[in-house]
Amino acid sequence: MNKKITLGATIALIIISVALTVSVTMVVAMRYFNYTMDKVSQRQAMFDYIADVDKEVRRNYLGEIDEGALRASLAKGYIVGIDDPYASYLSAEDYKKETDRLLGKWTGLGLETVRLENNSVIISAVHKNSAADRAGIQKGDVITLLDGNDINTLEYSQVNYKLNFTQKVKLSVTRGKTSIAFEISESPYTITSVESRMIGSTGYIRINSFYGNTPQQFRDAYKSLKEKGAENYIFDLRNNKGGDLKAVGEVISYLIPRGTYARRVTTETSQDLVSTGAYEITKPSVTVVNDRTEGEAELFAGVLKESKKTSIVGVNTAGRGFVQEYYTLNADGAAIKISVAYLSLASGATLEGKGIAPDVISEMPSELKNKFSFLTEENDPQLIAAVATLRGGTIPTNTSAATTQTAATSGTTSPTATTDSTVTTK
């Protein structure tokens, strides 16, 4: 039997519905208002405190105040005070450099160094098309003089500062038994963040960072190795400190099927990170990581592992899973970098404080860590483990390393290293 609802009952239901909606809206609004007022009160208390400090200093301080330096110090202090381990304050100049770096651009001399146990300072990398590269400086050159000073009389921090922050340097190096002098000035260059080569039938791709130009460099490297007949791949992410979230997303999209692979989570929202590529890797791969594999590099390793596209070799990664963004300060063009979200994999696993655990544990002996740039598939225990994992063979726990040609120091090379690497499978 059908029952008819009277007009009065209908109006009553509408009124009740509207009343409930208004009530819920009012509760939410009041909560937001109270939250906002709490924040306003907290901000006012902070401003009052700083105003008290400023008043007493300006009234009693004997010296002159540099207003620009004072503002910068206040901003730096604020960032330190929020206890965000990844936050920082950047001057306008530093912010410009940082935005360029994330695009894959840099201005400098274009070389990197390491100091070995015998205190020799060796060129460990020369960036393509940089001032150092154009001058003819080579990886493995041993620095003997820097701006006329014997390298042995300088602290390594002094050497790094000169090579990273001065516009022009004079340096002398030994290459074999030959001594060569250079004078180079900083200039802009494009950062090469991807290196590749064939190791037998394996395509080896090292990704140093994830910058704006990394995806194209990766695609070019991958296609080249594929054309050379690569039967499988090694992705080396050791010492990769991350970079740009969009850039790593583009690389991931090249290797896994379409679909959600991770999430960017804030206090209020959860944004799916989605692969949009039409291509995916179909051949076996191994990804090599260490405890200096961070951020976006950890995301790469974790996503490929969850997608069953790779096995992880090395040690547990750093566990840096927060996302930072930059906000410019209108007063002077400076900027702050703060954490605004965290990353979680499609499974829900988070990276912060946990990292990515390896499938095959392979540790780098401490005596080889500083020689990392000069190791090859013949004497790099972790790379040897990666190759063995791909080929399904026995992973050696004792690797007799061939002579590591770090550089020629008065015609000699670094000692042959015999390494004991811990290798276990999970």
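Taken together, the values in this text are just the output of simple stated rules run on the coordinates, not laboratory data. This one's a predicted model, so the numbers in the text were calculated from it and none came from an experiment. Cβ atoms come from the backbone with ideal geometry, glycine included; neighbour counts cover every protein chain shown.
Listing for the model above:
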item: Computed label-point distance, nm, for sites SER41 and LYS308 using a 7 Å Cα→Cβ extension; result: 5.5
item: Cut-off 11 Å between beta-carbons: net charge of the residues surrounding VAL194, Lys and Arg +1, Asp and Glu -1; result: -1
item: Ranking of LEU329, LEU237, LEU111 by count of other Cβ atoms within 10 Å, fewest first; result: LEU329, LEU111, LEU237
item: Nearest-0.05 FRET efficiency for VAL80 and ASP48, computed from C-beta distance (R0 35 Å); result: 0.95
item: Inter-probe distance in nm under a simple model that places probes 7 Å from Cα toward Cβ, at ALA92 and LYS170; result: 3.5
item: Cβ-based exposure ranking for ILE151, ILE356, ILE199, in which fewest neighbours within 10 Å come first; result: ILE199, ILE151, ILE356
item: Sorted by Cβ neighbour density within 10 Å, fewest at the top, the residues ARG71, ARG58; result: ARG58, ARG71
item: Value of relative contact order over the stretch 119-162, rounded to a whole percent, pairs C-alpha under 8 Å and six or more apart; result: 36
item: Cα centroid separation - the stretch 219-252 against the stretch 324-380, whole Å; result: 16
item: FRET efficiency, SER185 to PHE372 (Cβ-Cβ, R0 41 Å, nearest 0.05); result: 0.90
item: Hypothetical label at ASP66: residues of the stretch 327-366 whose amide nitrogen lies under 19 Å (7 Å Cα-Cβ projection); result: 331-335
item: Above-threshold pairs, the threshold being 18 Å between Cα atoms, out of LYS76/LYS162; LYS241/LYS354; LYS139/LYS371; LYS96/LYS168; LYS308/LYS369; LYS226/LYS283; result: LYS76/LYS162; LYS96/LYS168; LYS308/LYS369
item: Sites ASN330 and LYS55, calculated FRET efficiency, Cβ-Cβ separation with R0 25 Å, nearest 0.05; result: 0.50
